[in-house]
1. When you count, for each residue, the other Cβ atoms within 10 Å and take the mean per peptide, how do 149-159, 771-781 rank with the highest first?
2. Using mean Cβ contacts within 10 Å as the protection proxy, how do 44-53, 757-766 order, highest first?
3. What nm distance separates the two modelled labels at T764 and S541, each placed 7 Å from Cα along Cα→Cβ?
4. Could you give me the ³J(HN,Hα) list for the range 774-790, computed from phi with Karplus coefficients 6.51, -1.76, 1.60 and θ = phi - 60°, whole Hz, x at Gly and Pro?
5. Just grab the label-to-label distance for T301 and Y579, each label 7 Å out from Cα along the Cβ direction, in nm (one decimal).
6. Summing +1 for each Lys or Arg and -1 for each Asp or Glu, what net charge is found among the other residues whose Cβ lies under 9 Å from the Cβ of G809?
7. Hey, which of these cross-link pairs are over 18 Å Cα-Cα: K848/K868; K148/K242; K740/K776; K740/K794; K38/K312; K81/K190?
8. State in Å² the accessible area per residue of the range 738-789; use a 1.4 Å probe, count heavy atoms of protein chains only, and round to the nearest integer.
Amino acid sequence: MKHFQLYTLRNKLIFSFLGVALLPLLLLAFLNQRSTQKTLTNNANQTLLTAASQTALSLDAFISSNLDAVRVEAQLPVFAKYLSLPANQRQNIAAEVEGALRSLSRKDTLNISSYALLDRQGRDVIDTYTPDIGKDKSDQDYFQQPLKTGLPYVSPIQFSPTTREVSVFFSSPVRNAAGNIIGVLHICYKAAVVQRLVSQNTNLVRRSASFAILLDENHIRLADGNAPELNFKSVTPLPPAKVKALQVKGRLPKGTTADLSTNFPAFEQGLDNAATSPYFTTALSSTNNDLNAAAVTKLKTQPWFVVFVQPKAVFLAPIEAQIRATLLLAAIIAGVVIIAAITIGQLLAKPLINLAGTVTQFTAGNLDARTSIKSQDEIGVLALSFNAMAEQVGKLLQGLEERTRELEVSQHVTVAVSELSKAIVDPERLLREAIALMQNRFGLHYVQIYLLDQTTNQLIRRADSGNQDMLGHDESACLSLDDRSLVALAARNQQTIWVDNQDNAGLAAGLKPIPIGSSAAVPLIARGALLGVLDIQDNESDRFSQTDLETFNTLAGQIATALENARLFEEIQKAEAQYRDKAQELQQTLSELKQTQTQLIQTEKMSSLGQLVAGVAHEINNPVNFIYGNVSPANEYLEDLLKLLNLYQQHYPNPDPEIQAYIEEIELEFLLLDFHKILSSMKVGAERIRQIVLSLRNFSRLDEAEMKAVDIHEGLENTLVILQNQLKDKPGHPEIQVIKEYGNLPLVECYAGQLNQVFMNLLTNAIDSLDEFNRKRSTDEIKCNPTTIWICTKVAGKNQVEIRIIDNGLGIPSEVQPRLFDPFFTTKNVGKGTGLGLAISYQIVVEKHGGQLECISAAGQGAEFAIKIPIRV
């Protein structure tokens, strides 16, 4: 800035013109470029996500339609008939079955490799790909899964162990008339169909260079719309052990980890964060760093990802053209401004230099110095003003007084603006205070404010300095914009207009005559829009000076700004209330969804477990009862045979040598003695099995859906019987001692099956914790401090029982305890827990029974879970 002050006037003008012309242009260009880039990026992201969803939908449709097709085809009677026949009789209808398979395969000869029928043992009995006939495919997932679930199944994309072709298999169980599974029908599709489906969506996004990529749950490319040569390569290198495991399963071809991977960490991170943000940016080439915008979505039928990609340079191309145009325009403007600035600077500088010389003489004491500039522009006016300065020295006092009056007016304006800002929130109060301030500070006769009604396009009087009860009842309370009044004219022209009753100019313009001395109408304008008109009237003629009009303009601007701010503040409050209500509603909905999800999972889990337990108990019960019921008669028959044998020995003490030799060969005495022991062991074993079956039936309690009085100790004992295998000593698994400290409990009204599930969850967690604890200790440490579970029960209070399950395991850290009962939260390793056990237990105890479930634990000091439920509900 100091150096700028030393420049000549011409240089200052050039730099000033350049700054005024170019700085706003460059700033506007920068802001516009930022806004345009953000808009283009958002639009591209939305478009890419739509394309990815459309691609995923087409893949889901392909998989679902083939699952439905194979399910229907597996129900063809000829397949069930063929598999139901013995192997030596199947040849009679083999040609018919083979014809049916070949007919089915012809529905898509381009993509279907083969149809095959597998028997119950997994042997390929008929196949349109004849080299596979007779092969054992029982180890394949497309055979095992339909048998296990009874539902159609689609396999991952995998390499054939024989042909090394890349295929995807669809299979479904074949059932006989009784509904039993007797085999599996499977279709082998060429994996090229997936590549073809993905490639069809290339350039689905407007403009070019967009394409889709399909990846599996291990982030391995299954199909690439741009570079198919990258198929079956992971986004980032996988661990060698995982690569080897995938190769064994046929999920990857043979090769090293380097050959079967790329290295795009940003791509990998985007897939990991797909659940929270579907958009990310990544490079897709190792040879250049060009960034690509990507959107990711997941398939519903397979754990696969669809990523749609487009280079950022494609959808940001309009910005580059815009920047070039802006720079060209800036260069042109700069050239024009420099030429204009030099010319104008030359014209302005010369008279100013002459005037500066005259001023220098005057300030040096030559009061007769005068300038000879005769131009009619501002410099000429300045010269004439300087020439008149000497004559005006005598009028200095009068000028000072006028200045004092103007300063007082300015002070009034400042105070008025300050007080108006206090009423910014309430528009009605704002108008009343504005009118009162103007009438009191300026001594005005009458002030009123009209506001424009946008619906009727009329000016409505909203406040005045008269009687508030008369507001809106006289004929001037509502004015049309076409009215001949001063107020309507100011509104139409959006300019300040003032007249007095001695001025005929207003009448000549077609205005209504004003009844009093002076009148001024000032439009209220905010952000270029007309809000209303400020109408000021006074009894005196020629009342308003130019300074007064400027003051009125300032006040009108402040009133308009305050009105606009009040309106915006009201809209913000309404919007904030709406968003707050919406957020609360969404939070409540999310909470209800989480609770519903937990309840559904609990219901399904309990139902499946109960049905499994009841089914197993029922299937075991009948043969066990048969064995148990026949042990006693078998024992009686043995006694009768022994008596008969003794009679033979008494009456025939010397048997035939052959009989005597056979008696010695079979060791008759030992056989008789040991046979008694065998029958006793069978009876004890059958009794033990009956007890286990009874425990299973009591644990499931499928027939006790309603609340009833039960023995809590019986439920605990049944649960321990089921978990006995996890408690006893086994190789690599030390025994877990169970210490029972049962109190004298009455029968408790509860949902017995659900409460048994709580016991099962808590005891299973305790066993897992103790197993983990033992893995970290040596044999000597385990002997010194054996793992133990305490089960304590007692009556707590008048109508409560307390069940405490305690272990001396690892304990639970304090930072984890607040989240123990959250759904899907688990501290176990991946694959060992769902995170629902404690959440379901908490819901059963607290919500179903109105009780309490608490955890008392510290790291390294074991854990205690205390259950309190009412005896009577």
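The values are calculated or read from the model by the stated rules, or taken from the named source; none is laboratory data. What you are looking at is a predicted structure, and each value in this text was computed from that prediction instead of being measured. Cβ sites come from the backbone with ideal geometry, for glycine too, and all protein chains shown count toward neighbours. Please note that ligands, DNA and RNA were not included when accessible areas were found on the heavy atoms of the full protein model with its side chains. Shrake-Rupley method; radii C 1.70, N 1.55, O 1.52, S 1.80 Å.
1. 149-159, 771-781
2. Descending packing order for the listed peptides: 757-766, 44-53.
3. Modelled inter-label distance: 10.4 nm.
4. These are the phi-based 3J(HN,Hα) values: 5, 5, 9, 10, 7, 4, 5, 5, 5, 5, 5, 9, x, 6, 9, 10, 9 Hz.
5. The answer from the label model is 4.2 nm.
6. -4
7. Table pairs above 18 Å Cα-Cα are K148/K242; K740/K776; K81/K190.
8. 46 Å²
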